[in-house]
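Everything on this sheet refers to the single structure shown next.
The values are calculated or read from the model by the stated rules, or taken from the named source; none is laboratory data. Keep in mind the model is a prediction, meaning the values are calculated, not measured. Positions of Cβ are backbone-derived with ideal geometry, glycine not excepted, and every protein chain shown enters the neighbour counts. Heads up: the accessible areas ignore ligands, DNA and RNA and are worked out on the full protein's heavy atoms, side chains in. Shrake-Rupley method; radii C 1.70, N 1.55, O 1.52, S 1.80 Å.
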Amino acid sequence: MRNFEHEGNSITVPATAEIISGSIVVVGSFVGIAAVDAKIGEDFTLSLKGAYRIPKVAALAIAVGDKVYYDSGTKLVNKTAS
């Protein structure tokens with residue numbers, strides 16, 4: 001294909017805050033995992049696909065197929081859309 005760019009597993013975006021590798025990052029409608037550390041203004045790789053272990057609300061039970069949400073305020077996964 002002449003118009004193929006890449007697999008789409010990750011994108012390069014500028015850091016608007018200090019970024020720590022492995023943290024959840026929200027950029028517009030993209031939610032991903034930072035692949036590297038980055039300082040404000042630096043470009044970094046945001047992984048958009050894959051399976052990651054991330055923090056959740058302590059008492060939260062998650063079953064296979066449950067819809068979950070990321071709360072950027074608490075930096076935890078929960079089942080409540082906000």
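For the reader, a short list of remarks on this structure follows.
- Any chance THR16 is exposed (fewer than 10 other Cβ atoms within 10 Å of the Cβ) and farther than 20 Å from PRO55 by Cα: no
- Leading residue by the ranking (least open to solvent (accessible area, probe 1.4 Å)) among those in segment 56-74 that are of a type in the set (A, V, I, L, M, F, W, C), under 19 Å from the mean Cα position of the chain (by Cα) and more than 13 Å from VAL31 (Cα to Cα): VAL57
- Contact annotation: residue pairs with Cβ atoms under 9 Å, 6 or more positions apart or on different chains, pairing a residue in segment 51-66 that is over 16 Å from THR80 (Cα atoms) with a partner that is open to solvent by less than 80 Å² (accessible area, probe 1.4 Å) and in a loop (DSSP other than H, G, I, E, B), are TYR52/GLY22; ILE54/GLY22; ILE54/SER23.
- Criterion: in contact with a Phe, Trp or Tyr (Cβ under 8 Å, 6 or more places away or on another chain), aliphatic (A, V, I, L, M), closer than 27 Å to THR80 by Cα and surrounded by 13 or more Cβ atoms within 10 Å (Cβ to Cβ) - qualifying residue of VAL36, VAL31: VAL31
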